[in-house]
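Working notes for the structure below.
Bear in mind that the values in this text are calculations on the coordinates, not laboratory data. In this text the structure is predicted, and so the values were computed from the model without any measurement. Cβ coordinates were reconstructed from backbone atoms using ideal geometry, including for glycine residues, and neighbour counts include every protein chain displayed.
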Ligand SMILES: Cc1ncc(COP(=O)(O)O)c(C=O)c1O
């Protein structure tokens, strides 16, 4: 650890709660796909704030828009309307299945809002005792108590029991289990169209369409949690668009603000109408600054015809390069991905790989003991992918050499 880094970490540990197993790295500035630490070392960022920095770091159009908004209006209460909130909601409605939007501040809050809306709707429209949400094993929906209860991984829940009642977890991809699990209290099914934190798990073809049919037959709402998959990450504005399966409610966050904290739920009119004045709220939700960020991100993705093409092409280039590395090193057991959301399972522990990459100026992320995840900014260039591969292949080759 160099000069300033060490000092700042000592300072930080004195005052920050120890909720994160942080790397010894203090990031000070960023531009595009690069971030630079307090000691002046630059890293190629294939983490992008965990799938947040859709336009890369400090995109000049986003910075200009925020500067202008900061000088105009930062915050007003939801007792009043504000223009960026209306403008962003209009864009989300225009480009999705939805008719109405509710804004909050994070992914977990978006999932909370989706659960509350589903419960209200089911009680009003189906029957008074419908409240249960069916979720998937291995899912991740956030850390607040309802989102945590919906999450299908016990490692996140440990110590916080009891979980809230009314959540059932079934194997992802198992439609028979879903048919069998539906009971008189079931209100909705909540799924990630691709499980992100669970290791980039893509459902079998037809799974989501069958879930939709089962929901329709049983009068259940279908909620897609697109907090990670949404806003271009999979090469489509929303992952559901590629599947052709339309949910009734969708949660968004992460990439939506391009680095500013915003979450949202989108819903069809018939469902959104269950939220009435007083039923749900957020002080900061949809404030002018974060909505201006969301407008800028959405405009870029939807108005630049090459934006999503770049995500798809760069995603393909990454998959091809990873397959070549798999062949060359024998250290990769599986590659899964869509667009710029890719996971690789290794025969080795992933943490030493991440540390070795960091040493060489590359930030990587993992979803498990032996699983790396690549989630670069959506604006990543081909040359940066080459740069990433030259580091990753060096590290893997060293481990090959060590094995022989
Ligand atoms: C699918 C999904 N839902 C919800 C969340 C929670 O989002 P946040 O950390 O913004 O609360 C995440 C975060 O990784 C996520 O991937």
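Figures for the structure shown
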quantity	calculated
Cβ-derived FRET efficiency at R0 30 Å, residue 50 paired with residue 71, nearest 0.05	0.50
Sum of -39500 (n - 2.57) over DSSP H runs of 4+, divided by residues of the chain (222 nm, nearest 500)	-13000 deg cm²/dmol
Fraction of alpha-carbon pairs over 28 Å apart in the chain - percent	49 percent
Pairwise centroid distance, computed over Cα atoms, of the range 314-338 with the range 259-295, Å	38 Å
Cα-projected label distance for residue 359 with residue 90, points at 7 Å along beta-carbon direction, nm	5.4 nm
Label point distance in nm, residue 303-residue 15, each placed 7 Å from Cα along Cα→Cβ	4.0 nm
Crossing angle, helix 288-303 versus the chain [Cα axis fit, 0-90 degrees, rounded to tens]	80 degrees
Length released on extending from residue 7 to residue 400, taking residue separation times 0.36 nm less the Cα-Cα span	137.8 nm
Alpha carbon Rg of the range 344-404, scaled by the compact-globule rule 2.2 N^0.38 Å	1.11
Taking the range 221-300 and dividing mean pair separation by its residue count, relative contact order in percent (alpha carbons under 8 Å, at least six apart)	27 percent
Among 29-35, 272-278, 19-25, the order from most to least packed when residues are scored by Cβ within 10 Å on average	29-35, 272-278, 19-25
Paramagnetic reach from residue 312 in the range 235-264 [backbone N under 15 Å; point 7 Å along Cα→Cβ]	235-244
Highest to lowest packing among 172-179, 363-370, scored as the average C-beta count within 10 Å	363-370, 172-179
Relative packing of 108-114, 327-333, 257-263, which averages over residues the other C-beta atoms within 10 Å, highest first	108-114, 257-263, 327-333
Segment residue 28-residue 323, extension gain: residue separation times 0.36 nm, minus the distance between their alpha carbons	102.8 nm
Relative contact order (percent, whole number), the chain, Cα cutoff 8 Å, 6+ residue spacing	22 percent
Separation of the residue 123 and residue 144 label points, Cα + 7 Å toward Cβ, nm	1.7 nm
Cα convex hull of the range 73-303, projected area averaged across orientations, nm²	12.0 nm²
Reciprocal of mean inverse Cα separation for the range 29-143 (Kirkwood radius, Å)	18.1 Å
